[in-house]
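Laboratory data are not the source of any read-out in this text; all were calculated from the coordinates shown. Every value quoted in this text rests on a predicted model; they were computed, and no experiment measured them. No Cβ is skipped: glycine too gets one built from the backbone with ideal geometry, and neighbour counts run over all protein chains shown.
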Amino acid sequence: MSENKLGQIYAVLAFLFWGAIAPIYFKEVSSVQPLEVLIHRIIWSFIILIPLLFITKEITDYKVLIKDKKKLMYLAFSTLFITINWLVFIWAVTNNKIMETALGYYINPLVSIFLGYLFFQERMSKKQYIAIFIAFIAVLYQIITLGSIPLVSLTLAFSFAFYGMIRKKINVGSIVGLFVETLIMMPFALMGIYYLYTNDSISFLNTSDYINIMLTLGGIITITPLLLFNGAARRIKLTTLGFLQYIGPTCAFLLAVFVYDEEFNFNKMITFCLIWIALLVFSLDSINKFREVKNKAD
């Protein structure tokens, strides 16, 4: 099997994991407070990442990174954004808002482009302007027709976009970067466990064996798609990876509608249709740019 083909398989599996398996997992532990689920996700991810640092031989990178105060400061901010992202996602799934998470991750690449324009002076094409404008209209339409700001969608889109922007700026390996982020989260996670325990509101070891086992799987749910994504990113073009990322929110959308029976009325359909049009414009622009670069190279 070619490296490119293997990379595509890794990418599909990663986005299937994020879009289908992760929502199902968090739905299964919805009887547990979102804060406690987040705490378990942090703790078990940290435990899994320790041996992974040695297996992937990134322990050397960690020793170098831990001495770099500037990068550690940036990682502190990325930790804040990914923590917000994780907690909001868990809360949304628990509260039957998987469709809103799908909308958020559809919007995310457009937000990333906009942030690149704002903070890195990256030039935007006319079609990218049009795509972002259509996405803005979609959000505005939902505010007017449904009478509410899609806070879950916007929080997920912006928190993950800011997270990606920071990680791009400091160029730190995914495993060692995530290890440092969970290391930063650990004191707060332990304080959270202590608070829940002293207030008799902790679920772990106080409910069914099934819930206990599921909570310990929080680390695997976090790390597995990340490793698959890393494997894909090393083997296939970023353009291909960009198109495949829509598998995630599409799976989440289908789960919300056909498995968990979340409401999908006419106004929500219009909102999603506008976002899909925006993504189509954005994708066509990306294809044209890729062809231009390829023709110049030839």
Given R₀ = 35 Å, FRET efficiency for VAL64-LEU118 by Cβ-Cβ distance, to 0.05?
0.70
What is the mean projected area of the alpha carbon convex hull for the chain, to one decimal in square nanometres?
17.8
Please enumerate, by chain and number, the lysines with C-alpha under 19 Å from the C-alpha of LYS70, excluding those fewer than 8 residues away in the same chain.
LYS168, LYS169
Please give every one of the lysines within straight-line cross-link reach of LYS5, meaning a C-alpha to C-alpha distance under 18 Å, and leave out same-chain neighbours fewer than 8 residues apart.
LYS237
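Quote the charge dipole size of the chain about the Cα centre in Debye, to the nearest 20; the model charges only the Cβ of Lys and Arg (+1) and of Asp and Glu (-1).
1340
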Please identify the DSSP H helices in the chain that span no less than 15 Å along the helix axis (Cα) and have a mean Kyte-Doolittle hydropathy of 1.0 or more.
34-55, 69-94, 98-120, 126-146, 151-170, 174-198, 218-233
Suppose the chain between SER148 and ASN206 were pulled fully straight at 0.36 nm per residue; how much longer would it get relative to their current alpha carbon spacing?
17.1 nm
Could you name the lysines in cross-link range of LYS97, using Cα to Cα under 26 Å and dropping any fewer than eight places away on the same chain?
LYS27, LYS268
Over the chain, what is the relative contact order in percent, taking alpha-carbon pairs closer than 8 angstrom and at least six residues apart?
42
